[in-house]
1. I need the phi-derived Karplus couplings for the range 60-65: 6.51 cos²θ - 1.76 cosθ + 1.60, θ = phi - 60°, integer Hz, Gly and Pro marked x.
2. On a 0 to 90 degree scale, rounded to 10, what angle separates helix 6-46 from the longest Cα axis of the chain?
3. May I have the extent of the alpha carbons of the range 1-125 along their three principal axes, as whole Å values ordered from largest to smallest?
4. By how many nm would the segment from R34 to D133 grow when fully extended, if each residue of separation counts as 0.36 nm and the alpha-carbon distance is taken off?
5. Can you tell which of L123, A50, V13 lies farthest toward the positive end of the dipole of the range 1-152, using +1 and -1 charges on the Cβ of basic and acidic side chains (Lys, Arg; Asp, Glu)?
6. Mind pulling the angle between the C-alpha long axis of helix 92-132 and the longest principal axis of the chain? Nearest 10 degrees, somewhere in 0 to 90.
7. Roughly speaking, what is the stretch gain from R63 to A107, that is 0.36 nm per residue apart minus the C-alpha to C-alpha distance, in nm to one decimal?
8. Where does the range 12-79 land on Rg(C-alpha)/(2.2 N^0.38 Å)?
Amino acid sequence: MPTYDPTAEARAVRELKRQRAKLNADKDAVTAARDALHEAIVRHLTERHAAPGAVADHTPYDRNHVGVLARNAGVKPLRAKGQPAEVPVYDDEVAATTLAELDQLTAEFTKAGEREKKTHAALQAAATQHYVDGHASAQTIADASEFDRNTVMRWGRESRKAAAAG
C-alpha cells in the first residue's frame, strides 16, 4: 500500500474537480440541446408544418414519444375521440425546411450526448486510477467526483483484477 502523499491527493482532487466541472457543463449542453429539440418539435406540430410521423422520423424519438411531447405541451391532436381525422395539407417546402431543422437539432443533441459520455468515461477512469494508485481515499474521490465511494472501490477492485489477469 502506497504511503499517504498530500501533494498527490491535492493534484488528484484538482483533476477530478476539473473533470467534474467539464462533465457538468456537458450535461448542461445536453439539456439545452434536448430542450431546443423538444421546443422545435412542439412548435412544428402546433403549426402543422409536418406530419407527426415525419417529425418522429427526423428525431431520435418514436412517434409515440413525439405524441407525448405534443400532448404535454397542449398540441391539439389531429383526431379527437369519436371524430374523423382532420388531415391537414402540408406544404412540401415548409415540411422540408422543418425536417432539415429537426435533423440539425437532432445532430446537435446527439453530439452533446456523445461528448457527455466521453467526459463521464474520462472522469470514471481518472477516479479509478487515482484510487488504484493510492493518491486519495475512495471517500475523497467520491467527494471530488460525482460517484459514491462504494462505486469507486468496486472499480478499483475490478481494475486490480483485470491487471492481475492481463
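Only the coordinates and a few stated rules stand behind these numbers; no lab work does. All figures in this text were calculated on a predicted structure; none of them were measured in a lab. Neighbour counts are summed over all protein chains in view; Cβ atoms, including those assigned to glycine, are modelled from backbone coordinates with ideal geometry.
1. Each residue's phi maps through the Karplus curve to give x, 10, 7, 4, 5, 5 Hz.
2. Once rounded, the angle reads 10 degrees.
3. Largest first, the range 1-125 extends 76, 31, 19 Å along its Cα principal axes.
4. Taking R34 through D133 to full extension adds about 31.8 nm, to one decimal.
5. Farthest along the dipole direction, towards plus: V13.
6. 10 degrees
7. Residue separation times 0.36 nm, minus the Cα-Cα distance, leaves 14.0 nm.
8. That ratio works out to 1.55.
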